[in-house]
Amino acid sequence: TARGFDVKHTCEGCPGDSCRRCRGKGTWESKIEPRNAYVAREGKLLLSVDYATIELVCAAQMVYKTVGYSIMRDWINKGADLHSWFAGRLQRATEPNFNALCRAQLGDRISDADEVYKVFLSLDKGSEEERKYYKKWRQFAKSPNLALPGGMGARTLVSYAKKTFAVHFDSIDQAKSVKDFWMGTFTEFPEMFNRIKHDFRDDVHSRPGRDERGWDRTKYAYWTPMKVYRSNCFFTECANGFTMQSSCAEGAKIALAEVARACSDPTMDSCLYGCDPLAFLYDELLIEIPDDPFVHERALEVERLMVRAMRIICPDMLVKAEPTPMRRWSKGASYRLDENGRLMVWEDW
C-alpha cells in the first residue's frame with residue numbers, strides 16, 4: 001500500500017527516562033513511508049497530479065443535482081478549503097477561546113461564516129501553538145466531512161476517524177453532537193438522505209424485518225452518472241456510492257483514459273506523447289515524464305485533461321487538480337513556482 005505505517009522497535013541500550021527516542025518506555029515507533037521507494041528513472045521525473053477534495057466535490061454535485069441546492073457546493077465554488085471552513089465553524093460554536101478570538105477580531109461580523117473562516121485560516125500563519133491548533137482541528141474536520149455525506153452513523157464515525165485520520169472522539173455523545181452540527185450546517189444532506197429512503201428503494205431485493213446482525217433488510221439501488229445500475233445496497237452503501245464513490249471513480253477513469261491516450265496516440269499531437277502513466281491511486285495520477293525544459297507544459301496539460309474529465313461528472317462544480325513534479329514520490333511534495341511562474345521540481349523544502 002502507498003499509505004504510511006508505523007513500525008515498533010525495541011529501544012536497545014535505553015538510558016531510561018532521559019532517552020530522547022522512547023522517553024523511558026523501552027519501545028519506540030518509526031514512520032515508514034512506502035512512497036519514498038518510488039524513484040524516477042535517470043533522465044525522468046515523477047509527476048503527481050491529485051484532485052483537491054474530490055469526494056466533497058462529487059458529493060456536492062450529486063446532492064445539488066438531486067435536491068436542487070447545496071451549501072457545500074456554494075462554498076467549494078467560492079474556493080474555500082472545506083475542511084478548514086467547517087473546522088472554523090465547529091470551533092466557533094464549541095471552543096470558548098476560539099469564539100473569544102473571533103469576537104475580538106470580528107465584533108458585529110461574528111455571524112459571518114466567511115469572516116470566521118478567515119480567522120481560522122490565519123492561525124496557520126501564527127505562532128507555533130496556533131499552527132498546531134489549526135492542524136489539529138482541520139484534521140479533525142476531515143472525518144465528519146468525508147464520512148457523513150455517505151450516511152455514516154455516530155458510532156461508526158468514531159472508529160472511522162481513529163483508523164483513517166488518527167482522530168479521537170472523546171465519546172459517542174461527542175460524535176453525535178458533531179454529526180448533528182454537521183447536518184445543521186449542510187442542510188441539503190438530511191433532505192438527500194430522505195430522498196434516498198423514499199426514491200432509491202430496491203423492491204426486488206428488499207425483505208421485511210432485520211437480518212441476524214440486526215440490520216434493516218430494506219435495500220436500495222441507484223444509477224451512476226455514466227448510467228451504471230447498482231442494486232442490492234444497504235442504506236450507507238447507497239448513500240456513499242451515489243454521492244461520492246461511484247462519481248469519483250467514473251470521473252477518474254475518464255481522466256486516466258484521456259491522459260493514457262495523450263501519452264500513447266501520436267494523432268493527439270500532445271506534449272505528453274511518450275510519457276508513461278504509472279498508477280492512479282484514489283485521487284492521484286502518477287506519471288513519468290522527461291526531465292527537460294518542458295516539465296511545466298506537460299504538468300499543466302495533465303492538469304487540464306484531469307479537470308476536463310472530472311467536469312463531465314461534475315459540471316456544476318469548481319474542480320481543481322494540483323501538479324507536482326518530483327524525483328522521488330513523497331506525500332509531503334508541494335506545489336511551488338519559481339520567479340518566472342514556472343513549476344519547480346519538488347525537493348524536500
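The values are calculated or read from the model by the stated rules, or taken from the named source; none is laboratory data. Keep in mind that what you see is a predicted model, and the values were worked out from it rather than measured. With ideal geometry, Cβ positions are generated from the backbone for all residues, glycine too; neighbour counts draw on all protein chains shown. Heavy atoms of the whole protein, side chains included, go into the accessibility calculation; ligands, DNA and RNA do not. Shrake-Rupley method; radii C 1.70, N 1.55, O 1.52, S 1.80 Å.
Observations on the model:
- Residue check for Arg195: open to solvent by 70 Å² or more (accessible area, probe 1.4 Å) and in contact (Cβ under 8 Å) with a residue 24 or more places away in the chain: yes
- Against the test of being modelled with pLDDT of 95 or more and hydrophobic (A, V, I, L, M, F, W, C), the options Ala299, Ala333 yield a single qualifying residue, Ala299.
- Any hit, the stretch 280-289, residues being among the hydrophobic types (A, V, I, L, M, F, W, C), closer than 30 Å to Tyr222 by Cα, touching a helix residue (DSSP H, G or I) at 6+ places or on another chain (Cβ under 6 Å) and touching a residue at least 12 places away in the same chain (Cβ under 8 Å): yes
- Residue match in the stretch 102-109 (condition: of a type outside the set (Ser, Thr, Tyr) and under 25 Å from Glu55 (Cα atoms)): no
- Residue satisfying all of: in the stretch 302-318; touching a strand residue (DSSP E or B) at 6+ places or on another chain (Cβ under 9 Å) and either surrounded by fewer than 22 Cβ atoms within 10 Å (Cβ to Cβ) or among the charged types (D, E, K, R) (or both); nearest to Glu33 (Cα to Cα) among these: Glu303
- Test: residue in the stretch 116-132 that is in a loop (DSSP other than H, G, I, E, B) and either over 20 Å from Met244 (Cβ atoms) or not polar (S, T, N, Q) (or both): yes
- Which listed residue is under 25 Å from Arg73 (Cα atoms) and open to solvent by less than 10 Å² (accessible area, probe 1.4 Å), from Cys238, Cys233: Cys238
- For the stretch 331-349, residues that are free of Cβ contacts under 8 Å to residues at least 40 places away in the same chain and either open to solvent by less than 50 Å² (accessible area, probe 1.4 Å) or part of a loop (DSSP other than H, G, I, E, B) (or both) total 13.
- Selection of the stretch 247-263 for residues being touching a strand residue (DSSP E or B) at 6+ places or on another chain (Cβ under 9 Å), without any contact (Cβ under 8 Å) to a residue 24 or more places away in the chain and either on the phi > 0 side of the Ramachandran plot or of a type outside the set (A, V, I, L, M, F, W, C) (or both) yields only Lys253.
- Residues of the stretch 160-190 satisfying the condition of being surrounded by fewer than 16 Cβ atoms within 10 Å (Cβ to Cβ), among the acidic types (Asp, Glu) and under 26 Å from Asp74 (Cα atoms): Asp180
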